Amino acid sequence: MQSEFHQRQLAFGDLMLDNSVAIFTAAHEQTRSRDTEYRFRQDSDFFYLTGFTEPDAWLVIKKHENQVSSTLFCRPKDELAEIWHGRRLGATAAVERLAIDQAFELSELDEELPKLLNHGAAVYFVLQQDPQAEQQLHQALATLRQGSRHGWQAPNQIIDWRPMLHEMRLFKSSQEIELMRKAAQISVDGHIRAMQQCRPGMWEYQLEAEILHEFAMQGARDAAYSTIVGGGDNACILHYTENESPLRDGELVLIDAGAEFAGYAGDITRTFPVNGKFTPEQAAIYQLVLDAHDAALAALGPGKSIKQANDIVLQIMVSGLVKLGIMQGDVAELIEQQAYKAFYMHGLSHWIGLDVHDVGDYKSSDRSRTLEPGMAITVEPGLYISKSAEVDAKWQGIGVRIEDDVVITTEGIENLTAAVPKTIADIEALMAKTNN
Ligand code: GLY
Ligand code: MN
Ligand code: MN
């Protein structure tokens, strides 16, 4: 991957004004409780450009007379700190191991940053994101402004680099797609294990543990986001992560879980019966969501849009709900009035990549941006009929979402997560095999 990080720096440099400097800062460790920190996760933008996974570092990309070069500032080698807190790469090894032209210790920022910025036309930086870094930048700019009699000159504009970098991140390279396939495959196996291990009486967090176990055994130590295991009515809470209820016989369980592999996220949802057998009402709602999901997959591809697929999803789900007597009225009117939002209150798709909700401009709030090869999205229609919904009691407490991850190709789509059973027959068959 080393050369790809370098390629990305050069590609970003291509977008920069000549004689300018771009600054990117790493994430910082976050306290969990006294003397303990949350497990560190690198900032995705910083990782995308460097592959460097230590906290507190800076990357400076400089474009001078159309030549692009990179400078890293990182934590110093420190025997005592490393005995207590873990190994550090250090500046010397950073140049050898990372796609970086030169590296300094963080303590050298005061001296080196003004030199890098001197006579720059612009500095690319994100304001109000990292107060410490912002203060350091302002200090460097102040130093340059005070030095005009020495011929120093501060850049006079600060440009937000996010639109430039995030447009790059939106289009996945073949190496990135390979890593996403792996994140997806591990996520797939986590979901299959959950279907195999699920029994009435288990706790939701115990099913979560089965999934995380599978992820770790396959090389993904972290989940890409907090795992959702929602039994019964809990499935109707979209970001339910408490996972602390028992899984009851006769109820469905919704699992939204994805592995993070080499920084890339999987994001899969499956919904299945805790006891392995759908009731007629559960099957009716499930089949409706599955029909919508399949139709959405068929409608996606280059030249298409998320909005087009979502319009098809709405048509299928609203007519289905009317047919089942859960909604009443004219389908077109119900869609026009957004009456479906009582049961389907989120979007169909989001970008996915280094972040599960990945960066990239949707161009419009209805997600009508034309899809192009290399973009990666989720497809996740759902219906949620909570215990408090004003419908026949037999429908209450049924929440269903079915979510896959797809990459747009030149011909259509590649579904990275198709291997988790999705049809009622396939789910029941898999669960029957392991439930005896
Ligand atoms: N796991 C969050 C989502 O599906 O968007
Ligand atoms: Mn999800
Ligand atoms: Mn998702």
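Tabulated results
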| read-out | value |
| --- | --- |
| Which listed residue is within 13 Å of ligand 1 (Cβ to nearest atom), out of contact with any strand residue (DSSP E or B) (no Cβ under 7 Å at 6 or more places or on another chain) and either closer than 24 Å to Ala183 by Cα or not acidic (Asp, Glu) (or both), from Ala265, Ala259, Ala284 | Ala265 |
| Inter-residue pairs, beta-carbon under 8 Å, first assigned to a strand (DSSP E or B) and in the range 250-264, second hydroxyl-bearing (Ser, Thr, Tyr) and away from ligand 1 (no atom under 12 Å from the Cβ), 6+ apart | Leu252/Thr271; Leu252/Tyr286; Val253/Thr271; Leu254/Thr271; Ile255/Thr271 |
| Failed item in (1) touching a residue at least 24 places away in the same chain (Cβ under 8 Å); (2) assigned to a helix (DSSP H, G or I), with Gln42 passing the rest | (2) |
| Entirely in the range 145-245, the helices (runs of 4 or more DSSP H) that have 2 or more residues that are within 30 Å of Val359 (Cα to Cα), away from ligand 3 (no atom under 16 Å from the Cβ) and touching a strand residue (DSSP E or B) at 6+ places or on another chain (Cβ under 6 Å) | 174-197, 204-217 |
| Subset of the range 68-117 that is in contact with a Pro (Cβ under 9 Å, 6 or more places away or on another chain) and free of Cβ contacts under 8 Å to residues at least 60 places away in the same chain - its residue that is surrounded by the fewest Cβ atoms within 10 Å (Cβ to Cβ) | Ser107 |
| Which numbered condition Ser226 misses (of (1) free of Cβ contacts under 8 Å to residues at least 60 places away in the same chain; (2) within 11 Å of ligand 1 (Cβ to nearest atom); (3) crowded, with 22+ Cβ neighbours inside 10 Å; (4) not hydrophobic (A, V, I, L, M, F, W, C)) | (3) |
| Criterion (among the basic types (Lys, Arg), under 30 Å from Arg193 (Cα atoms) and touching a residue at least 40 places away in the same chain (Cβ under 8 Å)) met by exactly one of Lys277, Lys304 | Lys277 |
| Scan of the range 376-386 for residues that are over 15 Å from Leu238 (Cβ atoms) and either away from ligand 1 (no atom under 16 Å from the Cβ) or among the β-branched types (Val, Ile, Thr) (or both), ordered by number | Ile377, Val379 |
| Test for Ala22: is it in a strand (DSSP E or B) and at pLDDT 95 or above | yes |
| Check on Ala154, free of Cβ contacts under 8 Å to residues at least 40 places away in the same chain, farther than 30 Å from Gly399 by Cβ and in contact with a helix residue (DSSP H, G or I) (Cβ under 8 Å, 6 or more places away or on another chain) | yes |
| Top-ranked residue in the range 256-295 [being charged (D, E, K, R) and within 14 Å of ligand 3 (Cβ to nearest atom); ranked as farthest from Leu348 (Cα to Cα)] | Glu260 |
| Checking Ala298 against (1) more than 16 Å from ligand 1 (Cβ to nearest atom); (2) surrounded by 16 or more Cβ atoms within 10 Å (Cβ to Cβ); (3) closer than 18 Å to Thr378 by Cβ, the condition it does not meet | (2) |
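Each row is one residue, and each column tells you yes or no for (1) touching an Asp or Glu at 6+ places or on another chain (Cβ under 8 Å); (2) not aliphatic (A, V, I, L, M).
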{"residue": "Arg193", "(1), (2)": "yes, yes"}
{"residue": "Trp203", "(1), (2)": "yes, yes"}
{"residue": "Leu207", "(1), (2)": "no, no"}
{"residue": "Ile211", "(1), (2)": "no, no"}
{"residue": "Ala216", "(1), (2)": "no, no"}
{"residue": "Ser226", "(1), (2)": "no, yes"}
{"residue": "Asn234", "(1), (2)": "yes, yes"}
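The values are calculated or read from the model by the stated rules, or taken from the named source; none is laboratory data. Just so it is clear, the structure is predicted and the values come from calculations on it, not from any experiment. Here the Cβ is made from the backbone with ideal geometry for all residues, glycine too, and neighbour counts use every protein chain on show.
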